[in-house]
Amino acid sequence: MAINFKELAEKYQTPYYVYDFDYISKQYNELKDAFKARKSLISYAVKANSNLSVVKHLGDQGSGADCVSIGEVKRALKVGIAKYKIIFSGVGKTDSEIKEALELDILMINVESEAELHRVALVAKELAKIARISIRVNPNVDPKTHPYISTGLHENKFGVDIDTAKRMYIFAKNNESTEPIGIHCHIGSQLTELEPIKESVNIVADLVRNIKSALKIDLSFFDVGGGLGIVYDDETLINTYDYAQTVLDALFGLDITVVCEPGRFLVGNSGTFVTKVLYEKINGSKRFVIVDGAMNDLIRPSLYDAYHKIEVLDKTEDTSDCNVVGPVCESGDFFAKNIKLPKTENNDLITIHSAGAYGFTMASNYNTRGKVAEIALEDGKDKLIRRRETFEDLIAHEEEYL
Ligand code: LLP
């Protein structure tokens, strides 16, 4: 959909994030459809964009929620996602988070270590509840993505190896306070190659067969994680149907529900970060375009050297090399280095694309900068879904120093 960035800037000021909700539905339906040969649950990875309206929009399509804190679980419940569609993952859950998750009676807790399994069993026993669990297996497969978002190798902190997983399934089966119902793996994010996914789902599917025959544990959920890549630059993406088919092939002969927990795939390309030019300046021979957004609003370029396509609205001519930078007092505060942009003037709008995932959710208040506005577009209509923070918002939790 063509978005009128200028009109939105006049109405809501800059910087802002805008999300195309129709695109989000399209992505959800494409993936759900790809798995239609089986029982499946798409559980949106809330961390990618946890705005309540975004989570609700996905929930309304039928999505569940993959959560990594009790806060995310509560977001999902608040917008009406059914508890039986909510999964709680993460390597370091606190006792109180485990307790709340059990009290909230969500679908399952995804356990990431033996120590954590023992803790879950203990907390469940104290509450006289049975904890439904899945175990995150680390298949030791290289996902061929950025090292910071790679999780499927033993050198990464995530999940447990196959032998540990087997021990944990035995424990969970024999313990009266735990019930093993699922298995999980997630090898990394922004995946653009199918082969590592194929390798890992085959390893995990073999394990499912193995624990079924050897341990007599019949699992109900096979969670393939998230990780499907999107276009930032000129990436060739994994075809959704090939992806689903690969998973379904691996599960041949097993009666098990497929769970998939994408974040970026559902929301990444729905979002644009819009900022305006404040000034241009030349230091020596280096041209800088200084904008009102900064690394605290969208940290991916600073943190991962991530590429986001940048354009100047309504200008294409007279381009030259520049760095696009924000007002924060860090040399790492940039959106792009050495890209070609047209000559800009004060108030020109700059659009930073593919910003719907891990954009706003990773924002901070560094330099006492309020978080920006978030806007949804649906059926051609815009709606403010988070207002811009004020100075009062920023100091609201601080005690006055006397
Ligand atoms: N499931 C698990 C267990 C995960 O750890 C993640 C992401 C997902 C699902 C969703 O992954 P997705 O489908 O969005 O790729 N901040 C980084 C990404 C970190 C991803 C963390 N885990 C970035 O900006 O690229």
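The values are calculated or read from the model by the stated rules, or taken from the named source; none is laboratory data. Given the structure is predicted, the values throughout are model-derived calculations rather than measurements. Counting neighbours? That spans all protein chains shown, and the Cβs are built from the backbone with ideal geometry, glycine included. Please note that ligands, DNA and RNA were not included when accessible areas were found on the heavy atoms of the full protein model with its side chains. Shrake-Rupley method; radii C 1.70, N 1.55, O 1.52, S 1.80 Å.
Side notes on the structure shown:
- Test: residue in segment 157-172 that is touching a Pro at 6+ places or on another chain (Cβ under 9 Å), within 16 Å of the ligand (Cβ to nearest atom), closer than 29 Å to VAL231 by Cα and not assigned by TED's automatic domain parsing to the domain that holds SER354: yes
- A single entry from ASP297, ASP333, ASP321 fulfils the requirement of being more than 25 Å from the chain's Cα centre (by Cα) and surrounded by 12 or more Cβ atoms within 10 Å (Cβ to Cβ): ASP321.
- Which numbered condition LEU194 fails, given (1) modelled with pLDDT of 90 or more; (2) farther than 20 Å from ALA244 by Cα; (3) open to solvent by 40 Å² or more (accessible area, probe 1.4 Å): (2)
- Every listed requirement among (1) part of a helix (DSSP H, G or I); (2) within 16 Å of LEU219 (Cβ to Cβ); (3) open to solvent by 40 Å² or more (accessible area, probe 1.4 Å) is met by ALA115 save one, (2).
- Check on ALA376, under 24 Å from SER25 (Cβ atoms) and assigned to a loop (DSSP other than H, G, I, E, B): no
- Among the residues examined, LYS47 qualifies as in the same structural domain as ASN239 (by TED's automatic domain parsing), within 13 Å of the ligand (Cβ to nearest atom), part of a helix (DSSP H, G or I) and among the basic types (Lys, Arg).
One line per residue, one yes/no per condition, for (1) more than 12 Å from the chain's Cα centre (by Cα); (2) modelled with pLDDT of 95 or more; (3) closer than 21 Å to ALA355 by Cα; (4) away from the ligand (no atom under 14 Å from the Cβ):
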| residue | (1), (2), (3), (4) |
| --- | --- |
| ILE42 | yes, yes, no, no |
| LEU58 | yes, yes, yes, no |
| GLN61 | yes, yes, no, yes |
| GLY64 | yes, yes, no, no |
| GLU72 | no, yes, yes, no |
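- Options GLU280, GLU311, GLU317, GLU261: the member that is of a type outside the set (Phe, Trp, Tyr) and modelled with pLDDT under 95: GLU317
- Condition met for PRO196 (outside any helix (DSSP H, G or I) and within 16 Å of the ligand (Cβ to nearest atom)): no
- Enumeration of residues in segment 273-294 that are farther than 13 Å from THR344 by Cα, open to solvent by 10 Å² or more (accessible area, probe 1.4 Å) and under 31 Å from the mean Cα position of the chain (by Cα): ASP292
- Matching entry among ALA355, ALA376, ALA306, ALA294 (being closer than 23 Å to THR390 by Cα, touching a helix residue (DSSP H, G or I) at 6+ places or on another chain (Cβ under 6 Å) and at pLDDT 95 or above): ALA376
- Any pair with Cβ under 7 angstrom, 6 or more apart, that starts in segment 299-318 at a residue that is over 21 Å from LYS6 (Cα atoms) and ends at one that is of a type in the set (Gly, Ala, Ser) and away from the ligand (no atom under 11 Å from the Cβ): PRO301/ALA336; SER302/GLY332
- Selection within segment 82-116 - free of Cβ contacts under 8 Å to residues at least 40 places away in the same chain, within 16 Å of the ligand (Cβ to nearest atom) and aliphatic (A, V, I, L, M): ALA101, ILE106, ILE109
- All conditions but one from (1) surrounded by 14 or more Cβ atoms within 10 Å (Cβ to Cβ); (2) over 21 Å from ILE230 (Cα atoms); (3) of a type in the set (Asp, Glu) apply to GLU10; the one that does not is (1).
- Qualifying residue in segment 339-352 (condition: modelled with pLDDT of 95 or more, on the phi > 0 side of the Ramachandran plot, within 23 Å of the chain's Cα centre (by Cα) and open to solvent by 40 Å² or more (accessible area, probe 1.4 Å)): no
- Considering residues of segment 301-318 that are in a loop (DSSP other than H, G, I, E, B) and crowded, with 19+ Cβ neighbours inside 10 Å only, the residue nearest to the ligand (Cβ to nearest atom): ALA306
- Boolean, THR192 is touching an Asp or Glu at 6+ places or on another chain (Cβ under 6 Å) and touching a residue at least 24 places away in the same chain (Cβ under 8 Å): yes
- When residues of segment 226-272 are limited to those that are assigned to a strand (DSSP E or B) and under 20 Å from the mean Cα position of the chain (by Cα), the one farthest from the ligand (Cβ to nearest atom): THR272
So that you can scan it fast, the table gives a plain yes or no per residue for (1) crowded, with 21+ Cβ neighbours inside 10 Å; (2) aliphatic (A, V, I, L, M):
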site: SER213; (1), (2): no, no
site: ASP218; (1), (2): no, no
site: GLY227; (1), (2): yes, no
site: TYR232; (1), (2): no, no
site: ILE238; (1), (2): no, yes
site: ASP242; (1), (2): no, no
site: GLN245; (1), (2): no, no
site: CYS260; (1), (2): yes, no
